[in-house]
Amino acid sequence: MTWLGRIFGTSVAVASAAAPNCASAEDAQKVFEYVEASGFISLAAPEERVGLQAALMQRGAAAIFEAQSLLAPADAEDIAEGGVATFLEDIEPRLARFGVQLGAISETYEEDRHVVHVGGREWTIWSNDRDGSPDTVEMGKFWAVSTARTFALLNDRLAASGTQIRAYAVGGGEDGLVFFLTPTVAASLARIKELGREAPYLMTETPPYYGAPQ
């Protein structure tokens, strides 16, 4: 489990103690100025912004993960094994801030397919049909592909609502997160060397990394 996986979901005080520190206060100040200029802080819920500013100045880039109004767990195992509806329902309060209404959500999880209906549209998360269907997913890849397709569903709904916000992944597997950012802010964060492989990215269905930074 990564440091991000360990700290997410804990209190701010615990997360602050567990997160890696910047090399110096000067480095943290530079990160703060860069992140603030990107527009990241303005995306967070109003009640989080002052705390985020202070955290960024103290700890640098790791503090972006304290913007919990923009973050939620995205456990790839749960998603792949019939948990898409629960995942979507859990993040609906965050989506509502961006004017997104998913509508009715239902899920069919069977031996040979995993299908989700959102707002009257059907989405195939995975299938094990052997007929050459493009929805067929090999067993060794179905966690990642299922998560990528769930993020694609989510980004389709975000785009349809008119918001610039998109769902970016952080990490992956059981420790994965979804991070709600604009493309401009996500690109800015991805340039911060301190984040490394914990930088946000758009998931793809392309192995072996599925879009994750390396």
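Remarks
- One chain, two ends: Phe98 and Thr86. Fully extended at 0.36 nm per residue, the span grows by 2.4 nm beyond their Cα-Cα distance.
- Ile125 long-range amide H proximity, modeled H, under 5 Å: His114, Val115, Val116
- Legend: calculated FRET efficiency, Thr108 to Ala152, from the Cβ-Cβ distance at R0 = 25 Å, rounded to 0.05, equals 0.85.
- Residue order, fewest to most surrounding Cβ atoms within 10 angstrom, among Met203, Met57: Met57, Met203
- Here the dipole of the range 70-214 is about 900 debye; that uses its Cα centre as origin and unit charges on the Cβ of Lys and Arg (positive) and Asp and Glu (negative).
- Likely footprinting exposure, Tyr201, Tyr109, fewest C-beta neighbours within 10 Å first: Tyr109, Tyr201
- Going from the fewest other Cβ atoms within 10 Å to the most, the residues Glu205, Glu198, Glu47 appear in the order Glu47, Glu205, Glu198.
- Residues in the range 172-214 reached by a label modelled at Lys30 [backbone nitrogen below 14 Å; 7 Å Cα→Cβ]: 192-195
Just so you know, all these numbers are worked out from the coordinates, no wet-lab data involved. Just so it is clear, the model here is predicted, and its values are computed rather than measured. Here Cβ is always computed from backbone atoms with ideal geometry, including for glycine, and neighbour counts include all displayed protein chains.
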